[in-house]
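First up is the structure itself, then whatever we jot down about it.
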Amino acid sequence: MITLDSYVLGRWQAGSGKPEILRDPTSEEPLAQASSEGIDLGAVLAYGRDVGGPALRALGFAKRAELLLALSKAIHAHRDELLELSLQNAGTTRGDGKFDLDGATGTLAAYAQFGKELGDKPFFADGPLAQLGRTPRFSGQHVWVPKPGIAVHVNAFNFPAWNQCEKMACALLAGMPVLEKPGTPTALVAWRIARILVDSKLLPEGAFQFLAGSARDLVDHLGPQDVLSFTGSSGTGEKLRGNKAVVRHNTRVNIEADSLNAAVLAADVARDSETYDQFLANVEQDIVQKTGQKCTAVRRVFVPAERVREVAADLVPRLTKVQVGDPRSGETRMGPLASAQQLADVRAGITALTQFAEILCGGPGPVHAKGYFVAPTLLLAKSAEAKVFHELEVFGPVATLLPYSGSAADATRLVNLGGGGLVASLYSNDKAWSDAVVLGIAPWHGRVWVGSDKTAGQALAPGTVLPASLHGGPGRAGGGAELGGLRGLEPYFQRTAVQGFQGYLEKLGQA
């Protein structure tokens, strides 16, 4: 069995105490173990601040951008090995493994490109100079400067590569050292990536650290210049945000949590249209891809009431044809859930939803004798008003059809009952309807995706997180924001207004 050690304080070290066991979700056989016991986490954070931070910031934006590209290439060189580990530890099909791994390397490469435009100054300007006095001689300049702390990234189990690398790309380019703490059930992939990064010797010592096992008292050691970025459940996010050290120091916290993402089919969309084909394909993909374990996967599918049975008749055959099983088989399209706990949670969630819905396909029952399998599940709500559909996220291959009147006002009201989401997708060729819904739901969502005949064959699916677009959302989605091009660096910066002589400000930061 592999022991996942941690790279901290300049060396690899295994924790003591009883370890957590990582399993193959297909066979349930143990694969690896991890523990962080015995590691001084306060010292780990101090090491990143004092050793890694100054060395990283001394490189400048352009050099850090070059390093991101080199890191992307180093990881990509081990792609086949990492895909095999993903299959073993996360139960992903090869296609789902690529989605995670290529998302990771692609995001690093994208931020390498974004970083080229920042130049060599130790900051970048936020807008032009502003005259503050009677003449331009006394002016002001807003600047973004790197925070001299450490970025602690507590990542989710569902994307062990992508989640780690997307956070790391932004922080390292901004000039903040990182401590990466992966979700333990699928940490084998993240750990191997950490090994690759350390062995590459590309980053200054202390700029990258990796913690395997429990976070323990990690958050208790955060200070005012540190950043905590978390992806996971809203309950855990709430606890982290309320940590005494975080509250006392006003430590910056960025959280991406639960999201009851919605897809809305407009009444104008004909059954034989390209827009309708997009709708069916995207809903199916979101249910099946990564076994539904995506924070951006659709959970609520709103359909005009008179067309609900029609949509069900088109979706159910697609879902029942999906081969569920061992991801090692080329015939398998959907693998198992990531862990025994995930299986228990998903089964319980489906059972809770069925108190208010009809099962059209799938359900909570067993699929195979061994492994953490569940079938693609589509439900039909008895009423779209039932609170459970807008409050309970079942984090698996599960979605519910919800009937609505077809009006923009009704769609907006029902979608927003989710309390804040990462992404909502709309399908319509009616501009007036789309305008009303987009503007109506935008305050409650980090991203709104609009499909029409004009985007057919051109658009990436709404569940795809792209480096150039914002990833995050308000309310129950966590209130955080990641990516979005250079906006993704903002959590790791302090924005400061510098006021003084115009000539000084124009030469600020120049040698």
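Between the Cα long axis of helix 308-320 and the first principal axis of the chain there is an angle of about 70°, rounded to the nearest 10.
Near Ile2, once Lys and Arg are set to +1 and Asp and Glu to -1 for all other residues with Cβ below 14 Å from its Cβ, the sum equals -3. Here is how the number arises for the chain: DSSP H runs of 4 or more residues each give -39500 (n - 2.57), the sum is divided by the residue count, and the result at 222 nm is -10500 deg cm²/dmol. Rg and Dmax of the stretch 187-243, based on Cα coordinates, read 13.9, 37 Å.
Within the stretch 244-269, whose backbone N sits under 12 Å from a point 7 Å along Cα→Cβ of Ser407? Zone members listed by number: none at all. When each of the peptides 335-341, 319-325, 261-267 is scored by the mean number of other C-beta atoms lying within 10 Å of its residues, the order from highest to lowest reads 261-267, 335-341, 319-325.
Cα to Cα, under 17 Å, and not fewer than 8 places away if on the same chain: which lysines meet these conditions relative to Lys294? Correct list for Lys294: Lys98, Lys167. For the pair the stretch 192-213 / the stretch 482-496, the C-alpha centres are spaced 23 Å from each other. Does the stretch 28-118 classify as rounded, prolate or oblate by the C-alpha gyration tensor (a ≥ b ≥ c root eigenvalues; a/c under 1.5 gives rounded; else a/b over b/c gives prolate, otherwise oblate)? It is oblate, given that a/c is not under 1.5 and a/b is not larger than b/c.
For the stretch 226-336, a/c is not less than 1.5, where a ≥ b ≥ c are the root eigenvalues of the C-alpha gyration tensor, and a/b does not top b/c. That puts it in the oblate class. Taking 21 Å as the straight-line reach from the Cα of Lys507, the lysines in range (excluding those fewer than 8 positions away in the same chain) are Lys116, Lys121. For Lys454, a cut-off of 23 angstrom between C-alpha atoms picks up these lysines, skipping any fewer than 8 places away in its own chain: Lys431. Going by the alpha-carbon gyration tensor, a ≥ b ≥ c the square roots of its eigenvalues, is the chain rounded (a/c under 1.5) or, if a/c is not under 1.5, prolate (a/b greater than b/c) versus oblate? Oblate shape, in that a/c is at least 1.5 and b/c is the bigger or equal ratio. Counting only alpha carbon atoms, the long axis of helix 187-200 and the longest principal axis of the chain meet at about 30°.
Annotation: amide H of Asp24 within the under-5 Å range of Glu29, Leu31, sequence separation 5 or more or interchain, hydrogens built in the peptide plane.
Taking the centroid of alpha carbons for each part, the stretch 1-45 and the stretch 443-480 are 35 Å apart. Computed from Cα positions, the angle between helix 79-90 and the longest principal axis of the chain comes to roughly 60 degrees. For the listed peptides 392-401, 71-80, 219-228, a ranking on the average number of other beta carbons within 10 Å per residue, highest first, reads 392-401, 219-228, 71-80.
Relative contact order of the stretch 248-317: 41 percent, from C-alpha pairs under 8 Å at least 6 residues apart in sequence.
When peptides 478-484, 353-359 are ranked by their average number of other Cβ atoms within 10 Å per residue, the highest-first order is 478-484, 353-359.
Read the figures in this text as sums done on the coordinates, not as results from a lab. Predicted model, so just to flag it, every value in this text is computed and none were measured. With ideal geometry, Cβ positions are generated from the backbone for all residues, glycine too; neighbour counts draw on all protein chains shown.
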